[in-house]
Amino acid sequence: GAVLERTGAGEYLIRVAFSLVGHTRGGPAKVAVVASAFMGTITGSSIANTATIGSMTIPLMKRVGFKPEVAGGIETAAGGNGQLMPPVMGAAAFVMAEWLRIPYLEIAKAAALPAVIDQLALLGAVHLLALKHGIRGLPRNELPRFLPTLVSGLHYLIPVGVLLYYLIVRDYTPLTSAFLSLVAAAAMFVATSFVQGLRHAPVVPGHAPAAGVGPALVESAGRLVQACYLGARNMASVAMTCACAGIIVGIVTLTGVGLNLSSIVVDLSSGSLYLGLFLTMLACLILGMGVPTTPTYIIMATLTAPALIALGQAQGLVIPLIAVHLFVFYFGILADDTPPVGLAAYAAAGIARSDPFRTGIRAFTLDMRTFLLPFMFITAPAMLLIDTTWYEALWIFVTASVGMYMLAGAMQGYLITEGRWWERAVLFVGAILLVKPGLYTDLAGIAGVALVYASQRRRAPEAPLF
């Protein structure tokens with residue numbers, strides 16, 4: 001991730017996102033979502049994602065009419081959601097694969113459908129926000145063309161392809177696959193720098209042209225050294241916190257405290273799985289305010305996973321272990337967006353020149369629909385593509401997407417026009433109904449959104465949908 005960031009992959013992904021959605025309603029905000037999703041496939045840090053993509057998208061969001069704290073909140077939510085995108089998903093996902101002793105591919109496959117639903121839901125929330133405030137996109141003549149832009153940086157996909165090849169086809173360990181991907185990224189950048197030097201073109205798009213092959217190779221070497229430094233610095237902080245988390249895990253395991261804590265969670269939840277999940281969510285958010293995602297995941301999975309599985313068994317539910325671990329993983333990431341701390345919100349607020357707390361609140365309201373997803377794949381493991389058919393997975397995809405969109409409409413008080421209090425209530429209840437698996441609850445939730453749409457369309461027959 002650090003190598004690709006320093007070699008221009010971030011700028012490339014932003015240009016691709018602009019060419020895709022920059023002209024649509026609220027264009028720069030949707031660019032932030034799409035570019036952060038792309039960036040999330042190669043970097044595992046929501047804060048780095050927010051800072052990299054936000055440096056370009058936040059000023060443009062302000063330009064088209066978004067308030068500074070709203071622009072910062074959108075980028076904060078997009079940066080955090082980007083970390084949920086396979087195949088990388090940060091160090092915590094690799095730890096999860098080692099912990100559960102399953103191939104990393106299984107982790108990425110299980111996380112794929114929720115991640116896609118989450119990104120589509122955030123695009124929907126941003127679209128509603130743009131509709132509500134009448135914000136349009138950027139003129140097409142200011143945007144790059146899609147196909148030429150896409151082709152211009154396909155070489156950035158080589159390291160990702162190498163990573164997936166050695167993980168999936170050759171079944172190498174995540175550590176070895178990541179190392180080979182790093183070597184491929186360095187070789188790719190040196191080769192492209194040589195070609196750019198021959199053409200007297202910029203080594204990295206948007207920077208000064210190279211004076212020749214020699215200066216181009218010198219610049220590429222400098223950027224690779226910077227990338228190694230940044231990567232080592234980031235990993236040093238993760239390693240230290242993981243080491244401390246390991247001490248806690250060792251104490252919990254050897255002394256039996258974990259069993260006691262599991263019993264406490266079961267007692268506090270009074271045997272209710274949903275209350276146990278809610279308490280676990282709160283613990284993840286509080287711990288994640290000051291601790292990076294990976295150690296948060298390690299500590300909370302150690303303490304709460306057995307309790308949640310026990311609660312599920314008490315209610316006749318067989319909860320897959322990977323679902324519990326992904327539940328903890330999701331809320332460890334969401335802690336970066338959640339006030340009062342929300343480190344990603346501070347990064348976005350610095351770029352937007354807005355108040356960090358208000359920026360965090362905006363991000364939190366946009367992230368509310370993501371808070372539902374972990375509850376959905378606990379109660380409906382088919383969302384994780386576990387023991388399911390394609391049509392069951394498709395139905396879950398549709399109902400979950402509708403539920404996320406309903407929750408966004410409820411939070412913003414807008415579907416196609418300003419909502420009344422009862423319409424917001426119906427949207428909120430409908431979203432909750434769609435979380436609980438079952439044909440009748442799904443149909444009731446879909447009927448709710450149809451009712452609200454008909455009511456608002458009657459009041460505003462000319463209101464645009466797009």
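Descriptive notes on the structure:
- Computed per residue of the chain from DSSP H runs no shorter than four, each worth -39500 (n - 2.57), the mean residue ellipticity at 222 nm is -25000 deg cm²/dmol.
- Sparse-neighbour loop sites [trypsin sites (Lys or Arg not before Pro); region 319-367; at most 15 other C-beta within 10 Å; DSSP]: 353
- Sparsely packed trypsin sites (Lys or Arg not before Pro) within region 5-112, loop by DSSP, other Cβ within 10 Å at most 14: 101
- At least 24 Å along the helix axis (C-alpha) and Kyte average at least 0.0, DSSP helices within the chain: 46-64, 104-133, 174-199, 213-255, 293-314, 356-379, 390-412, 439-459
- Calculated from the structure at hand, Rg/Rh (Cα atoms, Kirkwood Rh) is found among (1) 0.98; (2) 1.26; (3) 1.06 as (1).
- Packing-based exposure ordering (other Cβ within 10 Å, fewest first) of 116, 195: 195, 116
Bear in mind that the values in this text are calculations on the coordinates, not laboratory data. For clarity, every value in this text was computed on a predicted model and none was experimentally measured. Using ideal geometry, Cβ is built from the backbone for each residue, glycine included, and neighbour counts are taken over all protein chains shown.
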